[in-house]
Amino acid sequence: MAKSLIPGDVTIRSIRPGDPRKRLGDGGGLYLLLFVNGGSHGWRFDYSLHGKRRTISLGTYPDVSLAAARDRARAAREQVAAGIDPSAVRQQDKQRQAEQLAAEQREQSGLPPVGSFEAVAREWWETVHAAKVSEGHADRTLIRFEQDAFPWLGRRPIAVVEAPELLDVLKRVTARGAIETAHRLKDACSQVFRYGIATGACSRNPAADLRDALPPVLTKHHAAVVEPKRAAELLRAMSEYEGHPVTRAALALSALLFLRPGELRQLEWAWVDFDAARLTVPAALMKRRKDQKANGVPHLVPLARQAVEILRELQPLTGHSRYVFPSLQTKDRPMSENTINVALRRMGFDRETATAHGFRAMARTMAAERLGIAPEVIEAQLAHEVTDSLGRAYNRTQYIEQRVELMSRWADYLDRLRAGAEIIRFTGARE
């Protein structure tokens, strides 16, 4: 036991400013620095560990009495004897206290606890997901978390979440019939757990154990007309449509251009090159990943003679606007996303028969089956991901000559159907 050299607190209290001494030693490494920090006295403890000299503070006097300082020094000596660094223990204690304080402050602010499923999910969403996918995609993912996962898993430590607990959450979604939403939520949770593993927040991905635990998604395709006889009826109805001429033009180009409805309605006159008979759709408008939207090449749409004629007839009506198909209320916005579907309903085609998106399925199916166009050429024109021989995805100049021929043959075929002169072709046949 270290020999105590300071008689008692009376001795310390008797010290006055001007005392020439710098410290009072109490033995065993404990001493009191006099008049530090503007007049107060500070307890210090010196020790050696692994051949290195170290010093820690044990508080200030009189907040820490002589007896209390001796107790703290005694505890530090015991740690040194056991090979434990009191300074490291002190730092760990401060870190734990800081983490506890931060956790309490997060709790008071309504934020999820550090290391919780919600905290990790939001970090993944902000740093990875939102930086990779479109804004709309990212927003939908966050809504699924907030509505269907965070209320039950949000404040649970992500490291303790197991497959049965996650499955219970997903079953709440399937119980309301949202099977596809449940699958999408499971996939998003799986990415969160993988991110948690990478950042050290958890050690395994329980979502991977649920691969066969959810009901399968019953795929329902957009209604489309893919039989020549029915397609002829649709085309004739479109040519006889008595609604607004801009809508009639949009219907005709929906069948001719292979574009998605959102791409078609947002077409701009600046993208139309009449001399080259070509439409250039910016990458940012296409259905692609965020990096491909920002850095990808535009999508080229060769214009058949019929498409050029429709656009030239439309130009006097909407050429003063930015958009080829402006809203009827204001030229500063494109037409409504429901315009084409509403027109189809007015012509007598219900949602189980034809949709705006169904024109793409009609083109994909009939161009292959009736005209014998190579599938890869059709897929390229549909702006589906196409990887060439060098591994480059979204090569929009791929098959450009074949796509020029495709669009011309397709437009001529639609004219024959509309006129009632349908010619049945077998796959691989050429005109």
**Asked** Which of the residues that make up region 108-138 are among the acidic types (Asp, Glu) and either touching a strand residue (DSSP E or B) at 6+ places or on another chain (Cβ under 8 Å) or over 26 Å from Arg204 (Cα atoms) (or both)?
**Response** Glu135
**Prompt:** Out of (1) assigned to a helix (DSSP H, G or I); (2) crowded, with 19+ Cβ neighbours inside 10 Å, the odd one out for Phe349 is which?
**Reply:** (1)
**Request:** Hey, could you check region 43-52 for residues that are over 17 Å from Gln91 (Cα atoms) and over 52 Å from the mean Cα position of the chain (by Cα) and say which is surrounded by the fewest Cβ atoms within 10 Å (Cβ to Cβ)?
**Result:** Gly51
**Message:** Condition first: on the phi < 0 side of the Ramachandran plot, polar (S, T, N, Q), at pLDDT 90 or above and in a loop (DSSP other than H, G, I, E, B). Can you find one or more residues in region 256-274 that meet it?
**Reply:** no
**Request:** Could you tell me whether region 58-66 includes any residue that is closer than 24 Å to Leu24 by Cα, out of contact with any His (no Cβ under 9 Å at 6 or more places or on another chain), of a type in the set (A, V, I, L, M, F, W, C) and touching a residue at least 40 places away in the same chain (Cβ under 8 Å)?
**Result:** yes
**Fill in**
(1) without any contact (Cβ under 8 Å) to a residue 60 or more places away in the chain; (2) under 17 Å from Ser190 (Cα atoms); (3) crowded, with 17+ Cβ neighbours inside 10 Å; (4) not acidic (Asp, Glu) all hold for Val160 apart from (3)
**Which listed residue is closer than 30 Å to Ala163 by Cα, out of contact with any Ser or Thr (no Cβ under 7 Å at 6 or more places or on another chain) and not basic (Lys, Arg), from Ala103, Ala98** = Ala103
**Fill in**
The one condition Gly38 fails out of (1) touching a strand residue (DSSP E or B) at 6+ places or on another chain (Cβ under 6 Å); (2) among the small types (Gly, Ala, Ser); (3) over 26 Å from Gln92 (Cβ atoms); (4) at pLDDT below 90 is (1)
**Item:** Near pairs, Cβ below 9 angstrom, 6+ apart or cross-chain, from region 29-43 (in a strand (DSSP E or B)) to any residue that is among the small types (Gly, Ala, Ser) and at pLDDT below 90
**Value:** Leu30/Ala2; Leu30/Ser4
**Prompt:** Hey, among the residues in region 80-112 that are buried (at least 17 other Cβ atoms within 10 Å of the Cβ) and either among the charged types (D, E, K, R) or closer than 19 Å to Ala159 by Cβ (or both), which one's modelled with the highest pLDDT?
**Reply:** Asp85
**Message:** Step by step: first the residues of region 323-341, then only those that are of a type in the set (A, V, I, L, M, F, W, C) and modelled with pLDDT of 90 or more, then the one that is nearest to Ser254 (Cα to Cα). Which residue is that?
**Reply:** Ile340
**Prompt:** Which of the residues that make up region 228-255 are of a type in the set (A, V, I, L, M) and touching a residue at least 60 places away in the same chain (Cβ under 8 Å)?
**Reply:** Ala231, Ala232, Leu234, Leu235, Ala237, Met238, Val246, Ala249, Ala250, Leu251, Ala255
**Asked** Yes or no: Ala138 under 22 Å from the mean Cα position of the chain (by Cα), modelled with pLDDT of 95 or more and within 30 Å of Thr355 (Cβ to Cβ)?
**Response** no
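The values are calculated or read from the model by the stated rules, or taken from the named source; none is laboratory data. All of these numbers come straight from a predicted model, not from anything done at the bench. A quick note on method: Cβ atoms are made from the backbone with ideal geometry, for glycine too, and the neighbour counts reach across all protein chains shown.
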